[in-house]
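Here the structure comes first, spelled out in structure tokens, and everything after it is commentary.
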Amino acid sequence: MTQERSYIDLAGKVAIVTGGATGIGRGIALRLAQAGADIFIADIDADAAKTMSGEVAALGPRGESGEVDVSDQAATDEMVKSALAAFGRVDILVNNAGIAGASGWPERATGSIEDWNRIFEVNVLGIVHASRSVSDHMIERRSGKIVNIASVAGRRGSPGFAHYSTSKASAINVTQAFAYELAAHKINVNSVCPGVLWTSLWHDIADRRLKIDGDPKMSGRQYFENRFENIPLGREQTPEDIGNAVAFLSSDRARNITGQALNVDGGLYMN
Ligand SMILES: NC(=O)c1ccc[n+]([C@@H]2O[C@H](COP(=O)([O-])OP(=O)(O)OC[C@H]3O[C@@H](n4cnc5c(N)ncnc54)[C@H](O)[C@@H]3O)[C@@H](O)[C@H]2O)c1
């Protein structure tokens, strides 16, 4: 048997990570880079994306970045063009960019129509746009992995947060539809459902819940930690936990897995 570098070896592969500049996207980019992949960081925050591509390069693989709003089809087309110009191929697309509402959402107890519209533009159409932008290239090469970051919120409707949970249920569903459509071309499409992670998205959720119906003396972090009692493993997840699942699904080790939604949530949901 030949000696392999590690169980998951992505050396020579190229990945695009949307929303890759911070939070979960950063954890995914670091794990994929540690497995050897070159990474294109696509984020609406151009400066943070550039800094993150430097972190990738510091690990050894090549890092590039671009300012991309995934709600805009022309921008994701340009993203794929830039990644191809820089690296010559795209093997992996991670649709991670996501939001919890339109500007000012933490001030609202339930989603406004602007929240519903913007969240669908980013969390659902963002996946559709980027997948459409990359699929011709993957189809031509009869290979590719697409991983969509959904959420455990997509498993059950969230009171006061229906716009978010509905968008994540859609992310799981569109994963299945695209997995069917692209299977003939040997392209795998899966989703990962993170549980609770202390990123800027959750800082805002905790602030909002405390402002609207919480104990004013409790900190956001305490409110977040109260969630752990429902989690069988009793702890939060980290961006690297999500990165580990994405690295596996992006590798040929997962060649016969498609259309799945993998919970990385300490056992919160067991389905
Ligand atoms: N934090 C959690 O507990 C949690 C749980 C389940 C799922 N998720 C999902 O994980 C993903 C990442 O979440 P996070 O917690 O790291 O959030 P975050 O807010 O910390 O990071 C989101 C990143 O996406 C970028 N972004 C936002 N809108 C964009 C757009 N239109 N185009 C391109 N980039 C954009 C931001 O600049 C940022 O870098 C999201 O899809 C989120 O819904 C998060």
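The values are calculated or read from the model by the stated rules, or taken from the named source; none is laboratory data. Because the structure is a prediction, the values reported are computed rather than measured. Quick reminder, even Gly has a Cβ in these numbers, built from the backbone with ideal geometry, and neighbours come from all protein chains shown. Ligands, DNA and RNA are stripped out before the accessible areas are found, and what is left, the full protein with its side chains, is counted by its heavy atoms. Shrake-Rupley method; radii C 1.70, N 1.55, O 1.52, S 1.80 Å.
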Seminar exercise, completed: Full extension between Ala11 and Ala86 adds, at 0.36 nm per residue less the Cα distance, a length in nm of 25.4 nm
Exercise. Can you work out ³J(HN,Hα) from phi for every residue in the stretch 255-271, in order, using Karplus 6.51 cos²θ - 1.76 cosθ + 1.60 and θ = phi - 60°, giving whole Hz and x for Gly and Pro?
Worked result: 4, 9, 10, 8, x, 9, 10, 9, 6, 10, 9, x, x, 3, 10, 10, 8
Seminar exercise, completed: Among the stretch 189-215, those whose backbone N falls under 17 Å of a label point 7 Å along Cα→Cβ from Ser143 are 189
For this session: Please give the contour-minus-distance gain from Gln222 to Thr238: 0.36 nm per residue of separation, less the Cα-Cα distance, rounded to one decimal in nm.
Result: 4.1 nm
Problem set entry | Calculated from backbone phi, Karplus (6.51, -1.76, 1.60) coupling profile of the stretch 229-235 in Hz, x at Gly/Pro | 5, 8, 9, x, 7, x, 8
Exercise. Quick one: accessible area per residue over the chain, 1.4 Å probe, rounded to a whole number of Å²?
Worked result: 46 Å²
For this session: Output the pairs from Lys13/Lys145; Lys50/Lys145; Lys81/Lys145; Lys168/Lys217; Lys13/Lys81; Lys50/Lys81 with a Cα-Cα distance over 21 Å in this structure; if there are none, say none.
Result: Lys50/Lys145; Lys168/Lys217
Seminar exercise, completed: Whole-percent carbon and sulfur contribution to the accessible surface of the chain (1.4 Å, no ligands, DNA or RNA) stands at 50 percent
Problem set entry | Karplus-derived HN-Hα couplings along the stretch 124-135 (A = 6.51, B = -1.76, C = 1.60, θ = phi - 60°), whole Hz, x at Gly and Pro | 10, 5, x, 5, 5, 4, 5, 5, 5, 5, 9, 5
Problem set entry | nm² value of the averaged projected area, convex hull over the Cα atoms of the chain | 14.6 nm²
For this session: Report, to the nearest 10°, how far helix 200-213 tilts away from the longest principal axis of the Cα atoms in the chain, using its own Cα long axis and a range of 0 to 90°.
Result: 20 degrees
Exercise. Which order, highest average first, do 12-18, 203-209, 176-182 follow once you tally other Cβ atoms within 10 Å for each residue and take the mean per peptide?
Worked result: 12-18, 203-209, 176-182
Problem set entry | Angle in degrees between helix 73-87 and the longest Cα principal axis of the chain, rounded to the nearest 10 | 40 degrees
Seminar exercise, completed: Measuring from the longest principal axis of the C-alpha atoms of the chain, the long axis of helix 162-183 (C-alpha) lies at a number of degrees, nearest 10, equal to 20 degrees
